[in-house]
Amino acid sequence: MSGTPRGLVGLVARREITTRVRERSFLISTVITLLIIAAVIVVPALLDRGGDKVTVGLVGAPAAVEPALRQAAGVTGVELAVQPYADEAAARSAVQDGDADAVFLGADRVLVEEDLDGDAEQVVQSAYRQAAAAQRLAAAGIDPAVPPLAVTAINPPDPDADARRAAAYFGVLLLYFQLFGYGLWVALGVVEEKSSRVVELLLATVRPWQLLAGKVIGIGLLGLGQLVLTGAVGIAAALATGAVDVPSGVLGVAGQVLVWFLLGFAFYACLFAALAALVSRQEEVQNVTTPLSVLLLGSFFLAIAALNSPDTTLVRVTSIVPPFSTMVMPIRWAAGEAPLWELALAVGLMIAAVVALVRLAGWVYAGAVLRSGPRVKLGEALAAGRRGDRTPVTR
């Protein structure tokens, strides 16, 4: 099978995988990436522990105070701990030791160490007003209990929408770095083989399109593996620290990111390889691939726009049109703003763009990879590739 076109592509892909995996830079970058992802999730969760928590003590307070405190804490969004104390002396000791932020002494007096401010002030003042109003109504013979307002929503909000959107943003962020990093890796590999004349030996056995396809597939599989590993570490760290809850539909978001990575990498990697074949020195790679870097960055900014406003016309159009759909569609889908037919259309258009681009990039790559010296003009490389001209040229 090694002599068939498919076997030769597989052989080149295996060569790319084994060569890159053995490189120390790949292992170091993978470890650093995993550590950064874990730190971004774990450190804020650790620093946040103990924050947004208010401890309120009670000494001889009416029964209405505690439920009023809990209701006020729920509205304010803080964690509340209510602690009864035997007398004022015990309450003073608790406040001085930092065990309590404030202590109710009866119904209308509160004990603090220095000042009543922040979350403690909001909770205590709100609870006091509520409890005092309930006492006055009861003294007037009026039942203070009011049944909750019945709310009927025509379009009730999805409680997991924000969590899914956050997961999609995290996935798109990884997607951006993977597409850029591994696309640049493809470009540098092409120039390295071209400058060392290794490509001339390789093309004596395989065709240019087979070499290009094998390179893209091999490096793409490495990128996919690293993406899956990074996502798994991020989710595991988030669950272990309690930083996030797993929302419904998160598997669908993860599947979207993986699918769009495959399509996006096929699109960008072919372009990175074709443009890199135009130059002969690694110092020139950044200049020749700058348009792709700008395109990737623009797509990422559009994804951020989709995160804030997923229903605008610009976001809706770019979530369908290649190559912007690579990063914008996962955000819209997670937000629940993209119907299934738009997703299917975006995937179909991206596949069509990849098929057309693979052929075009293959011609450019074939026409330029054997030409060393000054930068090859794009039109010249395309014409040579279409003619099938594989004669090494040094200019």
Heavy-atom accessible area with a 1.4 angstrom probe orders GLU79, GLU193, GLU284, most exposed first, as GLU79, GLU284, GLU193
Could you report the accessible area of ILE235 in Å², rounded to 10, computed with a 1.4 Å probe on the protein chains as they sit in the structure?
90 Å²
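Highest first, please rank the peptides 288-295, 162-169 by the mean number of other Cβ atoms sitting within 10 Å of their residues. Please list the in-between numbers first.
Numbers: 288-295: 15.8, 162-169: 20.9.
The packing order, highest mean first, is 162-169, 288-295.
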Using a Förster distance of 30 Å, how high is the FRET efficiency between GLU88 and ARG129, based on the Cβ-Cβ distance and rounded to 0.05?
0.85
For region 246-333, what relative contact order do you get, as a whole percent, if you take Cα pairs closer than 8 Å and at least 6 residues apart?
29 percent
Under 22 Å between alpha carbons, and skipping anything fewer than 8 positions from LYS377 in its own chain: which lysines qualify?
LYS194
Net charge near GLU121 (other residues with Cβ under 11 Å of its Cβ; Lys, Arg +1; Asp, Glu -1) is -4
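The values are calculated or read from the model by the stated rules, or taken from the named source; none is laboratory data. This one's a predicted model, so the numbers in the text were calculated from it and none came from an experiment. Positions of Cβ are generated from backbone atoms using ideal geometry, with glycine treated the same way; all protein chains shown enter the neighbour counts. Each accessible area value is taken on the protein alone, full model and side chains, heavy atoms only, with ligands, DNA and RNA left out. Shrake-Rupley method; radii C 1.70, N 1.55, O 1.52, S 1.80 Å.
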